[in-house]
Amino acid sequence: MKLDSHQHFWRYSAADYPWIPPGSPLERDWLPQDLAALQEPLGFHGSVAVQARQSLDESRWLLELAESSTAIRGVVGWVDLRSSDVGSQLEFFAAHRKAVGVRHVLQDEPDDRFMLGVDFMRGIGQLKDHNLSYDLLIFPEQLAAAIEMVSKFPEQPFVLDHIAKPYIKEGILEPWAAQLSELAKRPNVWCKLSGMITEADPLCWKASDLRPYLDAVLDAFGPDRLMMGSDWPVSLLAADYARTMQVVTDYVSRLSDAEQAGVLGGNCARFYGV
């Protein structure tokens with residue numbers, strides 16, 4: 001089974017998605033039928049849809065899409081983890097059969113230690129009771145805080161999005177690689193092989209540019225805690241869907257058949273329970 005562990009849907013409006021570059025391929029609606037047309041020729045069986053704006057309305061909308069699409073295997077939504085009402089928000093979200101996890105856009109928080117705030121950590125502490133994972137969306141500068149946070153919740157499943165967005169375009173490996181290795185020592189943390197091509201030079205990247213970073217991630221997490229993800233349609237800023245996925249498919253071809261099957265879908269199914 002081939003699964004895309006990380007993609008997005010939206011109905012575009014500039015007000016809702018101010019981060020989308022004007023005039024880019026992202027500046028339009030992207031919906032399940034658009035992804036299906038790209039996945040079916042490549043033999044994919046589905047995907048996990050991840051929130052793209054911090055809104056309960058968007059989380060509800062993603063769940064509605066999932067209800068009408070067998071290809072959407074799970075939804076990683078957003079709830080306000082700092083809210084005094086977080087318990088009821090989580091109850092509502094987790095009651096849906098395809099709700100699998102939550103995410104906060106930590107990379108946009110000006111304080112690298114935002115995730116260590118008392119209110120935020122109280123919310124993280126309630127996820128396990130609702131059988132929900134947590135997607136870590138961070139920059140390299142936030143890895144130290146992430147290590148501290150996940151260490152406080154050893155039974156909570158976490159997955160690192162986009163390998164923590166290292167500076168691939170600049171060719172910088174450290175201290176990202178060392179901190180990634182430290183994070184990976186926590187067995188409750190997994191990692192998505194996603195979002196890499198947009199951290200390289202989007203206009204002229206090559207697979208060889210990504211190889212040192214893929215090597216570091218494989219060394220840190222091993223093949224059993226890695227999952228392929230596209231970050232589509234954001235990935236369209238740097239490549240089409242087929243080329244985006246080919247990077248990981250080619251890279252893991254050195255692994256055993258069982259390990260390849262895990263990275264290309266099995267590990268995603270195991271982590272999210274889809």
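The values are calculated or read from the model by the stated rules, or taken from the named source; none is laboratory data. Keep in mind that what you see is a predicted model, and the values were worked out from it rather than measured. A quick note on method: Cβ atoms are made from the backbone with ideal geometry, for glycine too, and the neighbour counts reach across all protein chains shown.
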When you scan segment 175-196, do you find a residue that is over 27 Å from VAL102 (Cα atoms) and modelled with pLDDT of 95 or more, even just one? yes
Surrounded by 21 or more Cβ atoms within 10 Å (Cβ to Cβ), at pLDDT 95 or above, in contact with a helix residue (DSSP H, G or I) (Cβ under 7 Å, 6 or more places away or on another chain) and of a type outside the set (Lys, Arg): is that true of ALA145 in this structure? no
Is one or more of the residues making up segment 90-99 within 21 Å of the chain's Cα centre (by Cα) and within 20 Å of PHE153 (Cα to Cα)? yes
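Go through ASP231, ASP250, ASP240 for me and flag whichever is modelled with pLDDT of 95 or more and in contact with a Gly (Cβ under 7 Å, 6 or more places away or on another chain).
The conditions single out ASP231.
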Considering only residues of segment 123-138 that are touching an Asp or Glu at 6+ places or on another chain (Cβ under 9 Å) and farther than 14 Å from ALA164 by Cβ, which is surrounded by the most Cβ atoms within 10 Å (Cβ to Cβ)? GLY123
So which residues in segment 100-126 are over 20 Å from PRO154 (Cβ atoms) and among the polar types (S, T, N, Q)? GLN107
Would you call ASP135 at negative phi and in a strand (DSSP E or B)? yes
When you look at GLU155, is it in a helix (DSSP H, G or I) and farther than 24 Å from LEU210 by Cβ, yes or no? no
Subset tally (residues that are in contact with a Lys or Arg (Cβ under 6 Å, 6 or more places away or on another chain) and in a helix (DSSP H, G or I)) for segment 138-152: 2
Residue count for segment 183-217, restricted to those that are touching a helix residue (DSSP H, G or I) at 6+ places or on another chain (Cβ under 8 Å), surrounded by 14 or more Cβ atoms within 10 Å (Cβ to Cβ) and part of a helix (DSSP H, G or I): 8
Out of segment 62-117, which residues are farther than 30 Å from PRO41 by Cβ and of a type in the set (Asp, Glu)? ASP80, ASP85, GLU91, ASP108, GLU109, ASP111, ASP112
Restricting to segment 4-15, name every residue that is more than 20 Å from THR70 (Cβ to Cβ), of a type outside the set (Lys, Arg) and part of a loop (DSSP other than H, G, I, E, B). TYR12, SER13, ALA14, ALA15
What pairs can you find where one residue is in segment 227-243 and within 9 Å of ASP4 (Cβ to Cβ), the other is surrounded by fewer than 20 Cβ atoms within 10 Å (Cβ to Cβ) and polar (S, T, N, Q), and their Cβ atoms are less than 9 Å apart, with a gap of 6+ or different chains? MET228/THR249
Name the single residue that is farthest from THR70 (Cα to Cα) among those in segment 16-30 being touching a residue at least 24 places away in the same chain (Cβ under 8 Å) and exposed (fewer than 14 other Cβ atoms within 10 Å of the Cβ). PRO21
Out of curiosity, is ASP257 modelled with pLDDT of 95 or more, within 20 Å of ILE197 (Cβ to Cβ), surrounded by fewer than 16 Cβ atoms within 10 Å (Cβ to Cβ) and more than 18 Å from the chain's Cα centre (by Cα)? no
Restricting attention to segment 98-120, does a residue exist that is touching a Pro at 6+ places or on another chain (Cβ under 7 Å), surrounded by 19 or more Cβ atoms within 10 Å (Cβ to Cβ) and small (Gly, Ala, Ser)? no
Lone qualifier among ALA216, ALA207 - being touching an Asp or Glu at 6+ places or on another chain (Cβ under 9 Å) and over 15 Å from PHE139 (Cβ atoms): ALA207
